[in-house]
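Here's the structure we're looking at; comments come further down.
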Amino acid sequence: MTLTINGFGDLRDHAGQHLGYSDWLAIDQSTIDGFAAATGDHQWIHTDPDRARVEGPFGGTIAHGYLTLSLIPRLAPQIYRVEGVAMAINYGLDNARFPAPVPAGGQVRMGAELREATLISPTSIRVRMLFTFAVRDPGSGHESVKPACVAEVLFHYSA
């Protein structure tokens with residue numbers, strides 16, 4: 001169920017809270033290949049299943065770390081939405097790490113924590129979100145101990 005956050009006051013009230021989790025999303029080889037085509041990153045560890053199975057350290061291809069990071073706009077609306085604001089702007093990242101790979105055929109699920117909500121002016125608030133991506137192995141179906149991605153993202157909302 002999607003959490004609705006209403007305006008600046010509600011953003012500040014949710015600071016320090018975990019907001020929930022998205023559904024699991026499958027990451028197949030065609031998704032990885034599409035990301036490679038869009039970004040020009042055709043490194044064999046991502047795009048050559050035969051070579052990755054034989055020569056790679058993961059037993060097959062893996063998703064690009066930036067592919068996982070790019071799923072934030074897709075998965076965040078499953079967790080929360082902010083209403084009562086005129087505009088939202090992605091202000092950037094303070095930190096992003098990729099502790100575990102996402103194997104082709106695996107699944108990811110994103111958790112969201114609203115870390116901080118700081119009023120910048122009467123019409124602007126900066127929000128620091130922590131997004132953590134769990135990964136499920138395609139063979140065993142087990143969730144990895146390490147997350148696939150952990151990212152602190154800043155947003156500016158204006159009234």
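If you average the C-alpha positions of segment 78-138 and of segment 3-35 separately, how far apart do those two centres end up, in angstrom?
6
Compute the length gained on full extension between His142 and His42: take 0.36 nm times their separation in residues and subtract their Cα-Cα distance, giving the result in nm to one decimal.
Computed gain between His142 and His42 is 33.2 nm.
Taking +1 at the Cβ of each Lys and Arg and -1 at the Cβ of each Asp and Glu, which of Pro57, Ser30, Thr118 sits farthest along the dipole of the chain towards its positive end, judged by Cα position relative to the Cα centre?
Positive-end residue among those listed: Thr118.
Using label points projected 7 Å from each Cα along Cα→Cβ, tell me how many nm separate Ala159 and Tyr66, to one decimal.
3.8
Calculate how many DSSP beta bridges within segment 1-110 are antiparallel, expressed in % of all such bridges and rounded to the nearest 5.
For segment 1-110, the DSSP antiparallel bridge percentage is about 50.
Once you place label points 7 Å from the Cα toward the Cβ at Glu116 and Val150, how far apart are they in nm?
If labels sit at Glu116 and Val150, their model points lie 1.8 nm apart.
Quick check: the angle from helix 29-39's long axis to the longest principal axis of the chain, C-alpha only, nearest 10 degrees?
70
What translational diffusion coefficient, to the nearest whole µm²/s, does segment 83-159 have by Stokes-Einstein, given a Kirkwood radius computed over alpha-carbon pairs, a temperature of 25 °C and 0.890 mPa s viscosity?
It comes out at roughly 176 µm²/s.
Do the sum for the chain: with -39,500 (n - 2.57) for every DSSP H run of n ≥ 4, divided by all residues, what is the mean residue ellipticity at 222 nm, to the nearest 500 deg cm²/dmol?
When only DSSP H runs of four or more count, the value is -6500 deg cm²/dmol.
Spelling out what I want: for every residue of segment 54-62, take phi, set θ = phi - 60°, compute 6.51 cos²θ - 1.76 cosθ + 1.60 (Karplus), and round to whole Hz; glycine and proline get x.
Per-residue couplings from phi come out as 8, 9, x, x, 10, x, x, 6, 10 Hz.
Average the reciprocal distances over every distinct pair of alpha-carbons in the chain, invert the result, and give the Kirkwood radius in Å.
16.6
Any read-out appearing in this document is the output of simple, stated calculations on the displayed coordinates, not a laboratory observation. Values in this document were obtained by computation on a predicted structure and should not be read as measured data. Here Cβ is always computed from backbone atoms with ideal geometry, including for glycine, and neighbour counts include all displayed protein chains.
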